[in-house]
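Data block below; observations after.
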Amino acid sequence: MAATKDYYQVLGVPETATVDEIKRAFRRLAKQHHPDRNPGKPQAAERFKEINEAHDVLSDPAKRKQYDQLRRYGAFAGAGRYGGAGRGPGRGGSGAGPADSGIEFDLSDLGSFGGLGDLFSSIFGKRGEGRMEEAEDEVEATVSIPFRVAALGGKVPVTLPMAEVCPTCGGDGAAPGATISVCPECNGRGTISFGQGGFAVNRPCPVCRGKGRVPSERCATCQGAGEIRVEKRLIITVPPGTEDGTRMRLKGQGANGRGDVVVQFQVEPDRFFRREGLDVVGTVPINLAQALLGSKIKVRTLEGRHVVLKLPPGTQHGQRFRIAGQGIEKNGRRGDQYVEVRVEIPDRLTPEQQAALKAFAEKAGLKY
């Protein structure tokens, strides 16, 4: 069950992983399991959500610290050194419970800390009525965008897997005509307690999925979850000057028409341009004669126009030439475009070319 999964295992990193290592692992896995790359594979969408949730927690120092603490106390089966999946009081188990003198953690509080709370709500269904505070769903996604769209702005389509209220049962998880009664596992609390060594942890009841009530027959459409998975297509407006890693919040675009979608942009490299702040740099190859004698070359700008650039005689390899005002515009400022020349030397010369070059070298006083 997903609730018992270890976020470090989800990303395939050790407990001692640095933020950079976590980020690299996340990018690699997100790219591999992105729903757009795996059409018709619901397991890829689930895996993608899992990866996003793990990254959301482990990349945030405060969330990671709290997660590690819960992990040590056994909040995640098989994950902690000190915790176990012992049963709490009222279930005949020997684990610590609310009546003990130890410390108690309530996983329903995790709704305030992003992906971890969303993980439990997605596994166990909606929050328990009167027991757990109803929380808006937040969907996170990484979206790859072309370099020029990031630089100039534009619109990109994205399809995201989301949870929607089941149209058959209206969200209560019951089949048509079924009766709903108090959950015998948690006695209507919506949570169960377990723990060890003076610590107790509350987590949503796996039988009623945190609702506190169970139907006599579960809805065949959603299997009692009260929600179904759908794919929602959005058109995202990318602002000019967007950088790699920029996050954008889309209000009210989350599951069930509530909650937000948080998008993190991943800027794809361009074949010609690279970015340096608000400036863009493009490398242009020239031959030896153009470098020595000077030349005029046609250069494409970021916006797709062409300008003629005059190279002076004696142009050096790696030398940059500035085209003012053709860079990235952001917050009322605009950068420049730089053309960096790369002097290409022939791999081989014919005997006639060698003779001509030797004559030139002798006249120019060049040693070889």
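One residue is enough: does the range 282-295 have a residue meeting the conditions at pLDDT 95 or above, among the hydrophobic types (A, V, I, L, M, F, W, C), part of a strand (DSSP E or B) and open to solvent by less than 30 Å² (accessible area, probe 1.4 Å)? Yes, the range 282-295 has at least one match.
I'd like to check something: does the range 49-59 contain any residue that is open to solvent by 90 Å² or more (accessible area, probe 1.4 Å) and either over 20 Å from Val263 (Cα atoms) or modelled with pLDDT under 90 (or both)?
No, there is no match, as no residue in the range 49-59 is open to solvent by 90 Å² or more (accessible area, probe 1.4 Å) and either over 20 Å from Val263 (Cα atoms) or modelled with pLDDT under 90 (or both).
In the condition set (1) under 25 Å from Arg247 (Cα atoms); (2) at pLDDT below 85; (3) surrounded by fewer than 20 Cβ atoms within 10 Å (Cβ to Cβ), Gly92 is compliant with all but (1). Looking across the range 336-357, the residues that are out of contact with any Gly (no Cβ under 9 Å at 6 or more places or on another chain) and touching a residue at least 40 places away in the same chain (Cβ under 8 Å) come down to Glu344, Ile345, Pro346. Counting the residues of the range 208-233 that are over 16 Å from Cys183 (Cα atoms) and either open to solvent by 60 Å² or more (accessible area, probe 1.4 Å) or in a strand (DSSP E or B) (or both) gives 10.
Here Gly154 meets each of (1) at pLDDT 90 or above; (2) on the phi < 0 side of the Ramachandran plot with one exception, condition (2). Regarding Glu164, is this residue modelled with pLDDT under 90, open to solvent by 30 Å² or more (accessible area, probe 1.4 Å) and not in a strand (DSSP E or B)? Criteria not met by Glu164. For the range 258-276, the candidate set comprises residues that are open to solvent by 50 Å² or more (accessible area, probe 1.4 Å) and not in a strand (DSSP E or B); within that set, the residue that is nearest to Lys155 (Cα to Cα) is Glu268.
Considering only the range 151-160, I want to know if a residue exists there that is under 30 Å from Arg305 (Cβ atoms), open to solvent by 70 Å² or more (accessible area, probe 1.4 Å), among the basic types (Lys, Arg) and part of a strand (DSSP E or B). Within the range 151-160, one or more residues are under 30 Å from Arg305 (Cβ atoms), open to solvent by 70 Å² or more (accessible area, probe 1.4 Å), among the basic types (Lys, Arg) and part of a strand (DSSP E or B). Within the range 34-48, which residues are more than 10 Å from the chain's Cα centre (by Cα), surrounded by 17 or more Cβ atoms within 10 Å (Cβ to Cβ) and modelled with pLDDT under 85? Across the range 34-48, the qualifying residues are Pro35, Ala44, Ala45.
Taking the criterion of being in contact (Cβ under 8 Å) with a residue 12 or more places away in the chain, outside any helix (DSSP H, G or I) and closer than 16 Å to Ser144 by Cα, the only residue of the range 1-53 that qualifies is His34. Residues Thr237, Thr168: which one is closer than 24 Å to Gln43 by Cβ and among the hydroxyl-bearing types (Ser, Thr, Tyr)? One residue alone meets the criteria, Thr168.
Here Val139 fulfils each of the conditions (1) modelled with pLDDT of 90 or more; (2) farther than 16 Å from Arg209 by Cα apart from (1).
The values are calculated or read from the model by the stated rules, or taken from the named source; none is laboratory data. Here the structure is a predicted model, which is why all the values come from computation and not from measurement. FYI the Cβ positions are ideal-geometry reconstructions off the backbone, even for glycines, and counts take in every protein chain you see. SASA here: full protein model, heavy atoms, side chains in, ligands and nucleic acids out. Shrake-Rupley method; radii C 1.70, N 1.55, O 1.52, S 1.80 Å.
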